[in-house]
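Notes follow once the structure below has been shown.
The values are calculated or read from the model by the stated rules, or taken from the named source; none is laboratory data. The shown structure was predicted, so the numbers you read here are calculated from the model rather than taken from an experiment. Positions of Cβ are generated from backbone atoms using ideal geometry, with glycine treated the same way; all protein chains shown enter the neighbour counts.
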Amino acid sequence: MNKKKIRNLKVINKQKISLNMIRVTLGGSSLNDFTDNEIGGYVKLIFEDKNKDKSLMRPYTIRKFRSKEQEIDIDFAIHDKDIGYASLWAKNVKLGEEIQLTGPGSKSMFDLSCKWFFLVGDMSALPAISVNIEALNDDYIGYAVIEVLSEEDKQLIKKPKNFIIHWVINPEPWKKNTKLLEKVLTIKWYNFTPFVWVACEFSNMKVLRNFFKNTKNIPKENIYISSYWKSGLNQEEHKIIKKKDSKNNF
């Protein structure tokens, strides 16, 4: 499949699934080569920057895919602080409007040979976390620590019976804080090595990476960790510091 292929889609549906998250359904015949395996992968939405006469691309997780209808669902976290191109588009878009995207890109899944899992993320990672948890059967155990803006942003996630989800409420995630780490530190660990999956704001990612890598000594092959955004920076600026940081860390 050509991951760089430009696909032209229409907005089929739009719904508010929590206080600060909107789900946009996109559909069209250009999804005819997608498969159910694409759920959890990502697409890159293409926006025109009229001020700079160029296109901007924003990656988003494929939350759901319906092959018969040729539709994908994409969830957008919405808040009024430093709202970006994609969130602003999702907030204002009308049914029938068109958008271009590329993909699908690979999934940030975890190693199912591990006995237990530890997932940590904020609302930007909630769609990916949800997909990962929903892929597990009842043989798996573990924890997820998820930061959301409000109590009304908690979501029902289909999970294994012995998998525990902890919600952290932070109405101002763009301000420097350690709320995710504080909750992570309260979790009782099992007596064997987990697979750790982390995605959140850049500064919080660095703190969590240090904890899992240096305090808990999680080996490289047992961890996926990424920043999805950085407070105060746009996506292009974030990509620059993310690339620089990755050269010195796994």
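Using the structure shown, decide if residue 44 is more than 21 Å from residue 239 (Cβ to Cβ) and either touching a strand residue (DSSP E or B) at 6+ places or on another chain (Cβ under 8 Å) or outside any helix (DSSP H, G or I) (or both).
It is false that residue 44 is more than 21 Å from residue 239 (Cβ to Cβ) and either touching a strand residue (DSSP E or B) at 6+ places or on another chain (Cβ under 8 Å) or outside any helix (DSSP H, G or I) (or both).
For the structure I just gave you, tell me whether residue 108 is in a loop (DSSP other than H, G, I, E, B) and either closer than 28 Å to residue 34 by Cβ or not assigned by TED's automatic domain parsing to the domain that holds residue 72 (or both).
Here the answer is yes, as residue 108 does meet what is asked.
Which strands (runs of 3 or more DSSP E) does segment 136-213 wholly contain that include 3 or more residues that are touching a helix residue (DSSP H, G or I) at 6+ places or on another chain (Cβ under 9 Å) and crowded, with 20+ Cβ neighbours inside 10 Å?
Because the criterion is at least 3 residues that are touching a helix residue (DSSP H, G or I) at 6+ places or on another chain (Cβ under 9 Å) and crowded, with 20+ Cβ neighbours inside 10 Å, the strands (runs of 3 or more DSSP E) in segment 136-213 that meet it are 141-148, 195-201.
Does residue 39 qualify as being surrounded by fewer than 18 Cβ atoms within 10 Å (Cβ to Cβ), of a type in the set (A, V, I, L, M) and either touching a residue at least 12 places away in the same chain (Cβ under 8 Å) or over 15 Å from residue 131 (Cβ atoms) (or both)?
no
Looking only at segment 61-98, count how many residues are in a strand (DSSP E or B) and touching a helix residue (DSSP H, G or I) at 6+ places or on another chain (Cβ under 7 Å).
The number of residues fulfilling the criteria is 6.
Determine, yes or no, whether residue 223 is among the hydrophobic types (A, V, I, L, M, F, W, C), free of Cβ contacts under 8 Å to residues at least 40 places away in the same chain, more than 22 Å from residue 110 (Cα to Cα) and out of contact with any Lys or Arg (no Cβ under 6 Å at 6 or more places or on another chain).
no
Considering only residues of segment 1-30 that are of a type in the set (A, V, I, L, M) and outside any strand (DSSP E or B), which is surrounded by the most Cβ atoms within 10 Å (Cβ to Cβ)?
So the residue we want is 19.
Would you say residue 217 is more than 25 Å from residue 112 (Cα to Cα), in a loop (DSSP other than H, G, I, E, B) and in the same structural domain as residue 124 (by TED's automatic domain parsing)?
No: the conditions fail for residue 217.
Every residue, every condition in (1) assigned by TED's automatic domain parsing to the domain that holds residue 80; (2) within 18 Å of residue 115 (Cα to Cα); (3) not basic (Lys, Arg), yes or no:
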residue: 137; (1), (2), (3): no, yes, yes
residue: 158; (1), (2), (3): no, no, no
residue: 166; (1), (2), (3): no, no, yes
residue: 170; (1), (2), (3): no, no, yes
residue: 186; (1), (2), (3): no, no, yes
